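Enquirer: Just passing along the structure, written as structure tokens.
None of the figures in this text is laboratory data; all of them are computed from the coordinates on show. All values derive from a computational prediction rather than experimental measurement. Note: ideal-geometry Cβ built from the backbone for every residue, glycine included; neighbour counts use all protein chains shown.
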Ligand SMILES: [Cu+2]
């Protein structure tokens, strides 16, 4: 009887292990909506060495910028208006009214990545890249 119980426990644990492994493949997603000269966030945490996707949307009637040291440090891919820009050493991007952009990159190390709108310096935000277990 105990033998059967133990067998069931092992199966359950293997199942849980697979679920964790497949979750690690999923990119970390952050949605940033620019509204009323403010960066609004959803899911503002990403993990080091896990692909990250930031989706930017400008709902204001003026052009806003998204500028961060994060973009200058590593390979980044930015998709906007049907064109994709990629490479290293980007300073940021400008987003026209109503436009969206998608930024893909691999956060290499844990840390706080500040970003701001270079057109309106009072607009600021921060993306956190945290290791599992960090707070
Ligand atoms: Cu702005």
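Enquirer: Return 127, 119 ranked ascending by Cβ neighbour count within 10 Å, so the fewest neighbours appear first.
Expert: 119, 127
Enquirer: May I pose another question? Which of 86, 113 comes first, and how do the rest follow, when ranked by fewest Cβ neighbours within 10 Å?
Expert: 86, 113
Enquirer: Which peptide among 75-85, 92-102 comes first, and what is the full order, when sorted by highest mean count of other Cβ atoms within 10 Å?
Expert: Descending mean neighbour count gives 92-102, 75-85.
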